[in-house]
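Take a look at the structure set out below.
The values are calculated or read from the model by the stated rules, or taken from the named source; none is laboratory data. The model shown is predicted, which means the values in this text are computed figures rather than measured ones. Cβ placement follows ideal geometry from the backbone for every residue including glycine, while neighbour counts extend to all protein chains displayed. When the accessible area is computed, the model is the full protein with side chains, heavy atoms only, and any ligands, DNA or RNA have been set aside. Shrake-Rupley method; radii C 1.70, N 1.55, O 1.52, S 1.80 Å.
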Amino acid sequence: MSNHMSTRTLALSATLACLAPAVAPLSAQTYPTTPPAPAAVKPAALPPFQEAVLANGVRVVLVENHRNPVVAFRLAIQAGGNYDATEKAGTASMVATLLTKGAGARSAEQISAAIENAGGSLGAFTDDDFLSVSGSVLSNAAPLAFELLGDVVARPAFSDKEFELARTQALSGLQLELTNPSALAARALAAGLYGKHPYGRSATPKSVRAITRADLLAFQGARLKPSGAVLVVAGDITMASLKALATKGFGAWTGAPAASPVLPVPPQRTATEIVLVHRPGSVQSNLLVGNLAMTPTDPQRYAAIVANRVLGGGAAARLFMVLREQKSWTYGAYSNLTRPRGVGRFEANAEVRTEVTDSALVELLAQLRRVNTEAIPTAELELAKNSLVGVFPLTIETPQQLAERVASVKLYGLAPNYLQTYRNNVAAVTAAQALAAAKRAIQPQKALVVVVGDGSKVYEKLRKIAPVRIVSVDGDPMTASDLTPRAMGLALDFSKLSARRDSFVVSVQGNPAGSSVYALESRAGGWTLRENTSIMGGMMVQTTTLDTDASLAPAMLAQTMTMQGQAMKTNVTFAAGRATGSATTPAQTGPKTSPIDVEIPVGTLDSDALQIALPLFRWSADAKFTLNLFSAGKGVVEAITLTVVGSETVKVPAGTFETWKVEQKGGEAGAMLYISKDAARRLVKIAPVGQPIELLLAK
């Protein structure tokens, strides 16, 4: 080391030595052990709301903000599902769908192109109370936005073509919804809590099919009126410009809506009841617990929101932590307070394995009782309030969000300063207030419990918790004896049964994607069905061999499927009233083989034999048949119904056919079947529910 470096090192050492007494050892230093107290919550800083009423009665609310060149809007009218005729539920929703599908001088395509070229969006939707048209545009396109807005509410076209398409889409969406356990639970809960009140009503395939174009025109003429409508606008526009553009856009839109009907009072519950929606073969149960709660303006609502946050408002809440983290019964469990214009409801939900259905329900109800009988500990209460207070600014960041939130304030009759003071009101909730609100809003002692699952596996356990009422997925009443499939006779015309070969084109989103061939062969003592299906160039290949006796009762099933390289295999033998065998299916950890051992009641068909049997039924305009099908994939026997819902001319590669339109319901997924009206009764088209796939008869 050089003398120079030695000198520097000595000097540095001496300096550190001098400083050493002033620096305490690391172990002796102290650090804060608690975070500093939070600063006082400040009201939300929002531009003042400017209000005006147009000459035609539209109430205009503007939240002016010129930070970004965007204008967002929502026009809301009291024309929601409440105003549907009972037998035509779904009318308001279909009106909303068609408002932007042609209006004024523009077609659906022209409306879409106009708003997209302006960098904006435009859409309509409904809830129980309101029909709303909302969207946003760059501020320089505001004149176009209000021109389109005026056209869609005052001058919709409701063309025959768009109407038929919308009804078809509504039926497809509805059929898919009715296969979804969560949707089934929500429908059953609403119907049970609200009874004949419109909040308890849901669209059905029958009600949607009953809707005509004339009904939409009548609804629009009676309900879509400017008097009483609320137009909320947020963003880069002044009130003077807004009034001028809205007045010009709405043009000759005048009048007041028809008088609102007097709504019935929802029923009052006095005890806990379970509605079991029987869904054969379900491997899990959907639990939904609810009760009527509060109106939007209830003074205890802030405290109820806090209590709900503690109970089930997120991944840190009690339901999630207990049912998922501690018990491992579910992927998630949550609760919620709805806010319609009238009486809302409290609901809590979880999806659990079938074998723990009763245990999960008992624990869920216990947590509901706990939150409305025990004061919330301070730390838990503060965590919930801080979460609500902290996330609120993120819900009013954009002009679109602000327009929606301000619209809610006006539509639900909330305090004028609701948004500005929301955080302060939440932060001020005490443990005593939260407990008092929970006693009112969360009432497990008289809740309605909906369980969607396999009733044959959960009914006996559930009836030990509370009285159980059983319904099918279609809402039809059932008894406990109905949970086990019974022997039934099939009124089939076996004289029509003969060897044949049917070839289908598999169509995906309207494009040919594969083929399916069904060949029925006669053999000693019965029949053999051979099926070969290939889709997407062999990405999915299935082969089936099914032997039956002369009455189509199954004797042997062998089925293989390869899907994207994964192999599946099913082998079943039917004898002495039972189906035994095994099914190998893909799983994340590799192929999984499950045993099959199921009782087969007399009159049960294998699901693959349904196509053989269809020509044997005596079809007519009012025909409806119920039969048992064995599903090897699920290893269960389940009842299905086949109902003629109309007639339709169907064009397929094999030709044009006059058909019976038959709805297949039951099991996890339904389908629409089209059966020719001629003597052959051929199946000419299969349209599975909720899937972009069709099988079309080729020859």
What lysines does Lys327 reach when the alpha-carbon gap must be under 29 Å and sequence neighbours fewer than 8 apart in one chain are set aside?
Lys385, Lys439, Lys446, Lys457, Lys461, Lys464, Lys592, Lys634
Students often forget the sequence filter, so: which aspartates and glutamates lie under 17 Å Cα-Cα from Lys496 once same-chain residues fewer than 8 apart are removed?
Glu521, Asp549, Asp678
Dipole of the chain, positive direction: furthest Cα of Trp253, Ile535, Ile600, with charges on the beta-carbon
Trp253
For the range 484-574, the spread of Cα positions along each principal axis, largest first, Å
39, 30, 26
Residues of the range 491-521 with the amide nitrogen closer than 12 Å to a label point 7 Å from the Cα of Met539, along Cα-to-Cβ, please.
508-509, 513-514
If the cut-off is 27 Å between C-alpha atoms, which lysines fall inside it for Lys225, apart from same-chain ones fewer than 8 positions away?
Lys88, Lys101, Lys161, Lys196, Lys243, Lys248, Lys410
Two pseudo-spin positions, 7 Å from Cα along C-beta at Lys248 and at Arg339, lie apart in nanometres by 3.6
Just the projected area, averaged over all directions, of the convex hull on the alpha carbon atoms of the range 613-699: how many nm²?
5.9
Stick to the Cα atoms of the range 544-699, pair each with every other, and give me the Kirkwood hydrodynamic radius in Å at one decimal.
16.9
Log10 I(q)/I(0) at q = 0.18, 0.31, 0.33 Å⁻¹ for the range 510-557, from Debye over equal alpha-carbon scatterers, is -0.60, -1.07, -1.15
The alpha-carbon pair-distance distribution computed for the range 127-188, with 10 angstrom bins and whole-percent values, is 16, 28, 32, 20, 4
Convert 20 °C to kelvin, take the viscosity as 1.002 mPa s, use the Kirkwood radius over C-alpha pairs of the range 540-635 as Rh, and evaluate the Stokes-Einstein diffusion coefficient in µm²/s, rounded to a whole number.
147
Around Leu605, with a cut-off of 12 angstrom between Cβ atoms, what is the net charge of the other residues, counting Lys and Arg +1 and Asp and Glu -1?
-4
Send over the Kirkwood Rh of the range 105-228, from the inverse of the averaged 1/r over different Cα pairs, rounded to one decimal Å.
16.9
Which order do Lys569, Lys699 take by accessible area at a 1.4 Å probe, largest first?
Lys699, Lys569
Test of understanding: express the Cα radius of gyration of the range 321-388 as a ratio to 2.2 N^0.38 Å, with N the residue count.
1.27
When the dipole is taken about the Cα centre of the chain, and only Lys, Arg (+1) and Asp, Glu (-1) are charged at their Cβ, what size is it in debye, to the nearest 20?
880
Once both labels are modelled 7 Å past Cα along the beta-carbon direction, what's the Ser551-Asn571 spacing in nm?
2.9
Can you give the alpha-carbon Rg of the range 400-510 over 2.2 N^0.38 Å, where N counts its residues?
2.09
In whole Å, what are the extents of the range 591-664 along the principal axes defined by its C-alpha atoms, from largest to smallest?
44, 29, 17
Placing one equal point scatterer on each C-alpha of the range 71-144 and summing with Debye, one gets log10 I(q)/I(0) at q = 0.14, 0.20 Å⁻¹ equal to -0.49, -0.85
When the chain is fully extended, how far beyond the present Cα-Cα distance does Ala113 get from Lys327, taking 0.36 nm per residue of separation?
71.8 nm
Tell me the per residue accessible area of the chain using a 1.4 Å probe; a whole number in Å² is fine.
46
Theoretical ellipticity at 222 nm over the chain - DSSP helices of four or more residues, -39500 (n - 2.57) apiece, nearest 500
-8500 deg cm²/dmol
Principal axis extents for the chain, Cα atoms only, whole Å, descending order, please.
106, 80, 71
With +1 at each Lys and Arg Cβ and -1 at each Asp and Glu Cβ, the charge dipole magnitude of the range 211-336 around its Cα centre, to the nearest 20 debye, comes out at 80
Give me D for the range 301-452 in µm² s⁻¹, whole number, from Stokes-Einstein with Rh from the Kirkwood sum over alpha-carbon pairs, 20 °C and 1.002 mPa s.
130
Just the number, please: carbon plus sulfur as a percent of the accessible area of the range 357-459, 1.4 Å probe, no ligands or DNA/RNA counted.
56
Spacing of the two label points (7 Å from each Cα toward its C-beta) at Lys624 and Leu383, in nm
5.2
